[in-house]
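What follows is a set of notes on a single structure, which appears directly below.
The values are calculated or read from the model by the stated rules, or taken from the named source; none is laboratory data. Not measured: the values here are computed from a predicted model. Cβ coordinates were reconstructed from backbone atoms using ideal geometry, including for glycine residues, and neighbour counts include every protein chain displayed.
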Amino acid sequence: MKEEKKYFAHETAVIDDGAIIGEGTSIWHFCHIMPNAKLGKKCNLGQNVFVASDVVLGNNVKVQNNISIYTGVVCEDDVFLGPSMVFTNVVNPRSGVNRRGQYSKTTVKKGASIGANATIVCGHDIGEFAFIGAGTVVTKTIPAYALVVGNPARQIGWMSEYGHRLNFDENGFATCPESGEKYQLKNNTVSKV
């Protein structure tokens, strides 16, 4: 008796044997999930998404249209990947030089958001709840709660877990206008209090 799948996959999606897909996940038109890829519960993959072998997506990861997630990438829970954003996995690619197995790792931490058409150069982690603006090119590790924009990415502020810009007072405290949660900025590091 065939086990009933507990996720949705559009009829045009290709899911290779050995891929692990969590309950409640939706995989839409023209996606390809490679063997040994691991997708958590309640993920949503938009149209034309490629997930390479050994990629790990946590629970509730939102992957918008036209994204390739290459070997070496880990996205923790509640990550948002905007339309057509790009991950790389080799620092110095050459067509005539085989660098398979030399992939640099990139971890996108819990709750981080990466805007449309942003590029994440491999080997640079994205901190928890960081916010990467549309079109940004990330060439260094990004701290938790940081708001970065531009090419190369430069930090212009801090964001709350609800995605609002934080305005710190003279004592280093800020409040999210939506959630009411309080944050502290100390030694150029933000934490929730």
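Overview of values
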| read-out | value |
| --- | --- |
| Test: Ser191 is part of a strand (DSSP E or B) and out of contact with any His (no Cβ under 6 Å at 6 or more places or on another chain) | yes |
| Matching entry among His124, His164 (being at pLDDT 95 or above and within 29 Å of Lys38 (Cα to Cα)) | His124 |
| Residue tally, condition crowded, with 23+ Cβ neighbours inside 10 Å and part of a loop (DSSP other than H, G, I, E, B), over segment 32-54 | 3 |
| Matching residues, segment 64-102, being β-branched (Val, Ile, Thr) and either in a loop (DSSP other than H, G, I, E, B) or at pLDDT below 95 (or both) | Ile67, Thr71, Val79, Thr88, Val90, Val91 |
| Filter pass, Thr106 being crowded, with 17+ Cβ neighbours inside 10 Å and without any contact (Cβ under 8 Å) to a residue 40 or more places away in the chain | yes |
| Residue satisfying all of: in segment 149-183; assigned to a loop (DSSP other than H, G, I, E, B) and of a type in the set (D, E, K, R); surrounded by the fewest Cβ atoms within 10 Å (Cβ to Cβ) among these | Glu170 |
| Residues of segment 103-115 that turn out to be more than 9 Å from the chain's Cα centre (by Cα) and in a loop (DSSP other than H, G, I, E, B), as a count | 4 |
| Ala146 being crowded, with 18+ Cβ neighbours inside 10 Å and either more than 18 Å from Gly111 (Cα to Cα) or in contact with an Asp or Glu (Cβ under 6 Å, 6 or more places away or on another chain) (or both) | no |
